[in-house]
Amino acid sequence: MSSKLSIFICQNCGNESSQYFGKCLNCNSWNSIVEEIKSKRSNHQDIKNSKKAIPFNEISSKKISRFTSGFKEFDRVLGGGIVPGSIVLLGGEPGIGKSTIVLQSAGKISLNEKVLYVTAEESLEQIKIRWERLNQKSIDLKIFAETNLSIIIEEIKRINPTFAIIDSIQAIHNPEMESSPGSVSQVRACSSELQNLAKDNNIALLIIGHVTKDGALAGPKTLEHLVDVVINFEGDNISSHRLLRSIKNRFGSTFEIGIFEMLEVGLREIKNPSSIFTNKENISGVTTTITNEGSRPFAVDIQALVNKTFYSNPRRTTTGISINRLHQILAVIEKHVGIKLSEFDCYVATGGGFEISDPSSDLGVAISILSSLKNVPPLANSSFIGELGLSGQVRKSNNLRTKIEEAVRLGIKNIIVPKLEEELNNNFQHSINIKEISNIKEAVDYSLTD
Ligand code: TYD
Ligand code: MG
């Protein structure tokens, strides 16, 4: 293997060797050795006619002209569309629908731009069968089934598309390396070559990477710093909803989400997410909160089930909110509403299992717990917003105004919110009853009357 350009480097101490060892001969650490390609340009003096630094004031800030992915929900997560020459990493569990969304998007983009889809996992026939299910049009879309990085790079250069897709990074390999496809070394080496290609030729590149729930197959994690945008495609096998979530974005805000539904004919965008995460039933143990994910507010139901426990340690489980938040909310209820919950099991779940990170959902969680415990439905047609402080106060919420607007749009009649800092526009007052409260006790007295 002496003709190969690769060397083996310990990620712990930096020791180099010409072959792989399970244990570093220098620092004795286990499994720390990773194969890397030896840099051909080792001498700095070789670099002639390279770029020069330019005065900052001479740089023009002309607006980046993005192109659409064909999906508004996808564009939102990207920060307003695809930036030419940018690199996007789309991660997600196997089978979640990455190839499907990307193929749909490729078709839509190809109506205006030149698109190349490189499939390293599936045959051309498999892609065609998927395409037929999707039932859509394409114009300038080419498909290339190949796993060898060198051949892929040559073909991308030959076709010179505006947008290229690599499906997936774990399935391609650099033939100059000994490591098998999908290994950290291969994933890193292939990505950095693709990165150079994209930047040099101004090709927008979308790289698909498989990630398991526990991050065990962490290949793609190691290349997050190499790419401009990292997006996760999430969902579960039970519901048909899928979320695109931006984790890193050099051209827009993170925390943006895009919502889709997986149908027989591929993925469909959900433009009105409030409609799928709420039920509008007035039953005990269920409240509605308005949460802000990215730039968009929408309503999500919170359901609680509180039962007398048969265990010495009561059971507490959550879906969609963190278990630590639930423990904290239970402690606040015990202390500041004066209800002992240590004898009760408590299960909390959000509508559709939607993952809420906005802390202003606390009040909705607390009221649904108490509503289930007392077996009393909360105030009809209402929605709850507010983060619970440890001393029982209801703290202010971000973007309260847009949340109230969303509640008005959904026809919600009562909204229980933290004390307002500024006067809201009077237009609201006619369409919704806004109840300002300053602590959890007030919220309970107002919304749970038995
Ligand atoms: P896929 O895009 O192959 O997943 P990934 O590339 O992330 O591994 O999607 C696979 C699943 O999607 C598969 O279980 C079938 C389902 N599916 C549909 O429900 N509808 C469709 O139109 C298509 C193409 C796939
Ligand atoms: Mg796939």
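Values quoted throughout were computed directly from the atomic coordinates according to the rules given, and no laboratory measurement underlies them. What you see is a predicted model, and the numbers here were worked out from it, not measured in a lab. Cβ: placed from backbone, ideal geometry, glycine included. Neighbour counts: every protein chain shown.
Normalised by 2.2 N^0.38 Å, where N is the number of residues, the C-alpha radius of gyration of the stretch 65-269 stands at 0.93.
Listed by chain and number, the aspartates and glutamates whose C-alpha is less than 15 Å from the C-alpha of Lys51, apart from same-chain residues fewer than 8 away, are Asp200. Here Lys128 is the anchor, and the aspartates and glutamates within straight C-alpha reach of less than 17 Å, apart from those fewer than 8 places off in the same chain, are Asp140, Glu146, Asp167, Glu264. Cross-link check: pairs Lys72/Lys108; Lys98/Lys199; Lys308/Lys374; Lys335/Lys396; Lys62/Lys248; Lys419/Lys441 evaluated at a Cα-Cα cut-off of 19 Å; pairs beyond the cut-off: Lys98/Lys199; Lys335/Lys396; Lys62/Lys248. Cys residues of the chain that find no other Cys beta carbon under 4.7 Å: Cys190, Cys346. The reciprocal of the average 1/r between distinct C-alpha atoms defines the Kirkwood hydrodynamic radius, which for the stretch 322-450 equals 15.1 Å.
Per the Cα gyration tensor, the chain maps to an equivalent ellipsoid with semi-axes of 48, 27, 22 Å, ordered largest to smallest. Highest mean packing comes first when the peptides 404-415, 86-97 are listed by Cβ atoms within 10 Å, giving 86-97, 404-415. Among the chymotrypsin sites (Phe, Trp or Tyr not before Pro) found in the stretch 281-327, those both in a DSSP coil and sparsely packed, with 10 or fewer other Cβ atoms within 10 Å of their Cβ, are Phe310, Tyr311. Result for the chain in a Gaussian network model with C-alpha springs under 10 Å: among Ser105, Ser391, Ser192, the largest mean-square fluctuation is at Ser391. Relative to the longest principal axis of the Cα atoms of the chain, helix 400-409 runs at roughly 80 degrees. Only DSSP H runs of four or more residues enter the estimate; each adds -39500 (n - 2.57), and after division by the residues of the chain the mean residue ellipticity at 222 nm equals -7500 deg cm²/dmol.
Take every pair of alpha-carbon atoms less than 8 Å apart whose residues are at least six positions apart; their mean separation over the length of the chain yields a relative contact order of 12 percent.
GNM on the chain, alpha-carbon springs under 10 angstrom: the most fluctuating residue among Glu193, Glu422, Glu35 is Glu422.
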